[in-house]
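Note sheet for the following structure.
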Amino acid sequence: MMKLLPFFQSGPIGIRNGSEGCIGANRQLENPSTSVAEQGPACPQPSGDEIWSRDQEKMSERPEAACRPSRASSITSNGSCTSAGDSPEKGKKGIKGILTNALKKMKKIKPPSVKQVMELLEEQKLCDAAQHLILLEKSLSSKSEEGPNISQQDVESVYEVLKHKVFSILKDSILLAKTNPELLQQAVEVLKEQEKEDQNYTSENPPDQNMQFRPRKWKDLWMATVKESVETRMKETSHTSRTENLSTVGQNLLHMGKTMKEDLTVVVKYIKQLYPPEFNVFSTYAELYHNYFASQAKKNAESHLEDKDIYLLLSWVHNIYPKDMRKDHVLAEELEKVKLGSLLPSSLSKELEKKYLDSEEATIKNSLIKCLDKEIQRWKEDKEPEKLNGHFQSELLAIFVIQSIYSGQKRAKDISAAVGEELSDRLSKELPAFLKSYKDAFEDFKEKSKKHRYYKPILIANINNCWNFRDYAEKNMAETDYNKASILSALGDIENSGFDVLLQQLFAQLKPIYKKFTENKWDSSNEIMNEIIKTTSKHISDFRTLKDPFYHAIMEKIHARLVKEYIVRLLKRKVSLKTPAQQQNLAQHISKNAADLEAFCTSNGSQATWLNSALPKLAEIIRLQDLGAIKIEVATLATTYPDIRKRHLEAFLYIKANLSRSELKSILGYLADSTASTPPGAPLFSNINVS
């Protein structure tokens with residue numbers, strides 16, 4: 001018996017020696033480590049209600065002697081609600097075992113009253129109250145004659161109060177997890193104990209003998225409470241700061257996404273560990289948040305949305321929701337286990353994508369049309385285009401068009417790679433169509449506005465404008481893309497059309513000067529070439545306002561025209577020289593003119609080095625007298641300029657009047673043979689008509 005004394009002194013029904021009496025029972029209640037459910041009266045004389053009344057009087061006299069245990073006393077280190085007097089070993093046996101043993105040994109001890117339990121509930125001592133209720137519930141089912149004078153209805157009334165308090169706390173788990181974790185832990189422990197009591201009762205009683213109040217199924221109620229909590233928090237959009245220029249739909253999406261991420265982070269860090277694994281706490285919360293979010297996303301998708309809201313919803317579905325939620329490493333690991341899926345069904349997502357793509361394509365197309373209209377209006381103003389780094393510019397059009405297309409592609413790509421690729425394909429067809437409209441407008445201005453005060457500067461500005469389009473196509477489109485070829489072709493048409501107008505006056509002035517070569521039979525050829533160079537120089541200064549690539553291009557055109565016009569004079573059959581001396585003299589003149597022409601063009605930026613050997617080779621053919629040497633030089637000429645034809649050579653050889661018919665035929669035949677399989681190269685002779 002002495003061996004059992006420590007248990008009785010520290011067990012759920014404590015005993016005291018006679019010297020302590022009833023006061024000892026009160027002192028035991030004063031112990032902050034002892035719950036009310038673990039105590040009974042030390043003397044058999046007074047009833048439980050009398051003790052409660054006496055305690056209340058003492059509490060009013062001595063507040064420090066209150067018989068209520070502290071909240072922490074009800075929760076052991078392993079997170080269970082147990083009697084404070086239990087040792088860790090006995091706590092592991094569970095409340096039922098401890099209470100059963102105690103009741104067997106102390107059958108005359110009466111359970112606490114309903115009034116005591118209610119007081120504990122008012123003081124938020126949920127674990128203590130729950131244990132007392134379980135004790136009361138068991139005492140009713142024991143059918144003992146010494147049982148309490150209370151009914152099942154009384155117990156159930158208190159259970160309703162406990163349930164209301166517990167689930168009110170559980171509903172606010174997200175908030176209390178950090179502000180009042182002890183209170184939340186009490187509520188969870190009560191839930192766990194009730195679930196455990198349900199399991200014990202079910203295991204001990206056949207299903208058809210279950211009483212009216214067991215099993216209580218608080219776990220099902222917990223699921224419903226979590227769902228209600230999730231939906232309430234997801235609806236409270238006022239808790240998320242208002243973002244400027246964000247629509248109601250956008251604000252709601254932002255609130256739901258932000259709330260879901262923040263709340264699930266709280267679940268992972270503070271709530272999940274309070275529950276046993278079988279509750280599947282994180283997956284329960286995650287699926288409820290996801291389901292609510294998905295239901296709202298679906299409702300939005302099926303309604304009439306503004307274009308910007310369609311974009312926002314797709315961004316959440318494809319990008320923000322699946323990626324941003326996983327930026328937190330801990331949260332990402334848990335979400336990976338749950339596999340929540342997409343916010344929208346695939347079919348609805350595809351339908352929304354099509355709406356977005358159609359709208360975005362139409363919007364960009366309309367903006368390009370409006371931009372071109374504004375550009376055309378600027379051409380009509382009596383105002384010289386602005387210069388940037390010495391070049392006339394009209395770049396607002398190109399900048400706006402390229403920026404519109406690029407921004408559209410980027411926005412679509414931000415939704416998903418597939419959506420971005422689809423819009424890029426659509427817009428790559430839109431750019432050639434726009435450039436065709438641009439070219440038509442340019443041609444219209446070119447033909448109808450020749451008297452415009454700033455006619456040429458506007459032409460130059462528009463030629464310069466092509467560079468941005470050309471650069472964009474070269475860098476962002478594949479060589480195999482048909483649209484790229486179409487774009488570059490349209491740009492080439494605009495550039496060449498502008499060059500033709502800019503060069504028209506120069507070429508018109510050069511034509512009579514070139515005629516002097518044949519009129520004077522190359523006498524004073526140096527003076528004639530100087531006049532050509534001087535006239536050309538006057539026009540070149542105006543072309544400096546072209547961007548460098550276009551300046552080089554127009555200089556190449558000038559270079560080619562100067563060489564071509566010189567060759568035309570040589571093919572006019574106006575000069576026929578019979579003696580080698582005469583031919584050598586002409587060859588010297590041609591060589592000197594060719595050198596001057598090359599030096600002038602090169603110094604002014606021409607990069608058409610392929611033109612430099614044309615006149616010297618022709619001069620060499622005139623100088624040579626050996627038939628074999630002439631044939632070799634002709635072959636070299638034909639290799640360098642494969643577009644030369646028999647008619648060109650025949651007209652040129654008219655100068656060498658000392659060639660016999662057979663020699664001429666032999667030379668021409670050699671040219672025909674050598675050029676039969678030669679592919680055409682840079683055009684020079686093909687642009688020369690021979691009469």
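Any read-out appearing in this document is the output of simple, stated calculations on the displayed coordinates, not a laboratory observation. Quick caveat, the model's predicted, so the values are computed rather than measured. Don't worry about glycine lacking a Cβ; one is built from the backbone with ideal geometry, like all the others, and counts go over all protein chains shown.
Inter-part distance, the range 458-533 to the range 402-432, computed on C-alpha centroids, equals 34 Å.
Descending by average beta-carbon neighbour count within 10 Å, the peptides 549-559, 486-496, 376-386, 272-282 line up as 549-559, 486-496, 272-282, 376-386, the highest first. Using the Karplus relation 6.51 cos²θ - 1.76 cosθ + 1.60 with θ = phi - 60°, the per-residue 3J(HN,Hα) values for the range 453-466 come to 4, 10, 4, 5, x, 5, 4, 5, 4, 6, 5, 4, 4, 5 Hz, with x marking Gly and Pro. Across all directions, the average flat footprint of the convex hull enclosing the Cα atoms of the range 586-659 is 5.1 nm². Once the C-beta distance of Asn180 and His304 is scaled by a Förster radius of 51 Å, the resulting FRET efficiency is 0.70 to the nearest 0.05. Applied to the range 555-562, the Karplus parametrisation 6.51 cos²θ - 1.76 cosθ + 1.60 on θ = phi - 60° returns per-residue 3J(HN,Hα) values of 5, 5, 5, 5, 4, 5, 5, 5 Hz, with x for Gly and Pro.
Model label sites at Lys451 and Lys475, defined 7 Å from Cα along the beta-carbon direction, differ in position by 4.3 nm. Spin-label model, Ala417/Lys578: points 7 Å from Cα along the beta carbon direction are separated by 8.2 nm. Here the spin labels are modelled as points 7 Å beyond Cα on the Cα-Cβ line, and at Asp373 and Ser537 they lie 5.0 nm apart. If R0 is 51 Å, the Cβ-Cβ spacing of Glu122 and Gln251 corresponds to a FRET efficiency of close to 0.80.
Here is the list for the range 111-202: trypsin sites (Lys or Arg not before Pro) lying in DSSP coil, each with at most 14 other C-beta atoms within 10 angstrom of its C-beta, are Lys143. Extension gain, Lys217-Lys387: 0.36 nm per intervening residue step, less the Cα-Cα distance, totals 53.0 nm. The average projected area of the range 313-438, computed from the convex hull of its Cα atoms over all directions, is 10.9 nm².
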